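Notes to accompany the following structure.
Laboratory data are not the source of any read-out in this text; all were calculated from the coordinates shown. Small disclaimer: the values here were computed from a predicted structure and weren't measured. All Cβ positions, glycine included, derive from the backbone under ideal geometry; neighbour counts span all protein chains shown.
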Amino acid sequence: MELNLRINITIIVITIMKTFKEFLDESSLSRIKSKSDKGGMAIISGSRADKSKKENKARAKQLDRDVKGKGLPGATKVTGRWTEKDDKTGKETKVKERSHVVTSGKKGKRKFKKAVDSIARKYGQDAKLTQIKKTGTVSSTRKGGLGKDSGGKNVKRFTAGTMKPGRSSKEGDTKIKNKTFTYG
């Protein structure tokens with residue numbers, strides 16, 4: 001009788017723990033979604049396709065320190081997919097990189113945007129995604145970062161749309177704990 005009771009309690013504990021783990025996986029995406037709904041959120045990365053894995057890892061750690069150094073709350077680590085363009089050759093490369101979701105915390109929207117701009121420029125990123133209102137905007141952080149439009153002029157920014165949890169996109173998407181989201 002005692003052995004049977006112990007086995008049942010063990011099964012219940014394992015079931016509860018698995019449910020709690022699933023809850024944690026879901027809560028991270030839902031937390032990002034709620035911050036997205038409020039506005040004052042950005043997605044940036046320190047990784048570059050031309051850097052080694054070791055260099056990119058070091059850049060990601062330094063990016064964490066830079067985010068906190070600008071007075072922003074700690075970033076949530078995610079995995080992003082994006083098409084990167086080489087300045088010299090013009091060759092486009094699909095990259096999978098460690099990205100950071102940064103929220104404005106107590107900073108005003110203008111100061112938050114300036115802080116994110118300076119961080120993205122420091123790491124030589126093509127662009128960054130910022131969301132101040134309900135829709136996200138992809139802005140170039142350097143000349144030619146987003147390519148050229150049909151008239152041959154450099155694209156400075158474009159509206160990415162609203163956050164779409166559970167969806168993927170050919171242009172790029174972000175993944176947190178095996179849950180994907182994109183903008184559209």
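Under a 5 Å amide H cut-off, with hydrogens placed 1.01 Å from N, G161 pairs with G136 among residues at least 5 apart or on other chains. Note on K156 and D50: their simple-model spin labels are 2.6 nm apart, each label 7 Å out from Cα toward Cβ.
Exposure proxy ranking for Y123, Y183, based on other Cβ atoms within 10 angstrom of each Cβ and starting from the fewest, stands as Y123, Y183. With neighbours defined as other Cβ atoms within 10 Å of a residue's Cβ, the residues R59, R31 order from fewest to most as R31, R59. Pairs exceeding a 32 Å alpha-carbon distance, out of K77/K109; K106/K170; K106/K175; K38/K88; K38/K91; K94/K134: K106/K170; K38/K88; K38/K91. Hey, with R₀ at 25 Å, roughly what FRET efficiency would K109 and S169 work out to, going by the Cβ-Cβ distance, to 0.05? Rounded to the nearest 0.05, the efficiency is 0.45.
Summarising the label geometry, the points placed 7 Å from Cα in the beta-carbon direction at T79 and K38 lie 2.8 nm from one another. For the pair E92 and K122, label points projected 7 Å from Cα toward Cβ lie 3.0 nm apart. Residue exposure proxy: I44, I176, I132, ordered by other Cβ atoms within 10 angstrom of their Cβ from fewest to most, comes out as I132, I176, I44.
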